[in-house]
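Q: Supplied in structure tokens, the structure appears directly below.
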Amino acid sequence: MIPKSEIIPAEFYQPYLDLIKEEEIREAIEKNTRQFRKFLKKIPSKKIDHAYAPGKWTIHEVLQHVIDAERVFSYRALRFSRLDPTPLPGFDENTWAIHAGAASRHWDDLLEEFKSLRRSSEYLFHDLTEEQLKFVGEANGRPLNAFTLGFLIPGHAAHHMRILKERYL
């Protein structure tokens with residue numbers, strides 16, 4: 001097992017990483033999956049299109065963002081785990097949110113999409129070797145590896161769950 005001290009420091013992502021207390025990727029992802037799905041199922045339907053302030057995302061849009069970001073993080077982890085040194089670009093989550101069409105999506109479809117995507121992420125990380133996890137690539141101009149992304153995926157979802165609890169519900 002690789003110790004969490006091997007996580008590549010990433011200023012921007014550190015608050016997400018700090019939310020994950022587990023020492024092992026699979027355990028962190030699986031625990032977050034249970035917590036996040038349980039939380040999402042309890043959101044009242046009348047709140048789904050609620051934004052806590054003008055110009056802020058609705059709960060619908062937040063879930064779409066979590067899904068979009070996880071797809072990006074998983075893709076990055078796949079590339080790095082295959083020892084691909086090609087630098088990967090960043091993405092503008094605000095531009096993506098504008099063009100995602102989350103408001104027209106059915107809430108239950110988003111819940112199912114998250115469930116499927118997260119299961120896919122669990123499979124991706126299940127059997128990665130130490131070499132695959134530790135290979136350092138570049139994303140958005142910064143060093144990153146699959147090991148760090150394995151904690152970032154649940155950390156990002158946990159961050160948005162906390163925001164939803166504090167500001168939306």
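Q: Considering only the range 119-152, state which residues are of a type in the set (S, T, Y) and either part of a helix (DSSP H, G or I) or within 13 Å of the chain's Cα centre (by Cα) (or both). Spell out how you get there, then give the answer.
A: The first filter runs over the range 119-152 and keeps only residues of a type in the set (S, T, Y), leaving 120-121, 123, 129, 148.
Matches in the range 119-152: S120, S121, Y123, T148.
Q: Check E22, E11, E30 and return the single one that is surrounded by fewer than 19 Cβ atoms within 10 Å (Cβ to Cβ), modelled with pLDDT of 95 or more and not in a helix (DSSP H, G or I). First the steps, then the outcome.
A: Values: E11 fails: modelled with pLDDT of 95 or more; E30 fails: not in a helix (DSSP H, G or I).
Every option except E22 fails the conditions.
Q: For the range 5-17, give me each residue that is of a type outside the set (S, T, N, Q) and either under 18 Å from the mean Cα position of the chain (by Cα) or at positive phi (or both).
A: If the condition is that a residue be of a type outside the set (S, T, N, Q) and either under 18 Å from the mean Cα position of the chain (by Cα) or at positive phi (or both), then I7, I8, P9, A10, E11, F12, Y13, P15, Y16, L17 are the ones that fit.
Q: Separate question: With the structure loaded, tell me whether W57 is surrounded by 19 or more Cβ atoms within 10 Å (Cβ to Cβ) and not aliphatic (A, V, I, L, M) or whether it fails that test. Reasoning before the result, please.
A: Numbers: surrounded by 19 or more Cβ atoms within 10 Å (Cβ to Cβ): yes; not aliphatic (A, V, I, L, M): yes.
Judged against the criteria, W57 is a match.
Q: Oh, and also: Taking F135 as the residue in question, decide whether it is modelled with pLDDT of 95 or more, of a type in the set (A, V, I, L, M, F, W, C) and touching a Phe, Trp or Tyr at 6+ places or on another chain (Cβ under 7 Å). Step through it out loud before you land on a result.
A: Numbers: modelled with pLDDT of 95 or more: yes; of a type in the set (A, V, I, L, M, F, W, C): yes; touching a Phe, Trp or Tyr at 6+ places or on another chain (Cβ under 7 Å): yes.
Here the answer is yes, as F135 does meet what is asked.
Q: Sticking with this structure for a sec: Only one of (1) loosely packed, with under 11 Cβ neighbours inside 10 Å; (2) of a type in the set (G, A, S); (3) closer than 27 Å to K134 by Cα fails for A77. Which number is that?
A: Here A77 meets the rest and fails (1).
The values are calculated or read from the model by the stated rules, or taken from the named source; none is laboratory data. Because the structure is predicted, anything quoted here is derived from the model rather than measured. No Cβ is skipped: glycine too gets one built from the backbone with ideal geometry, and neighbour counts run over all protein chains shown.
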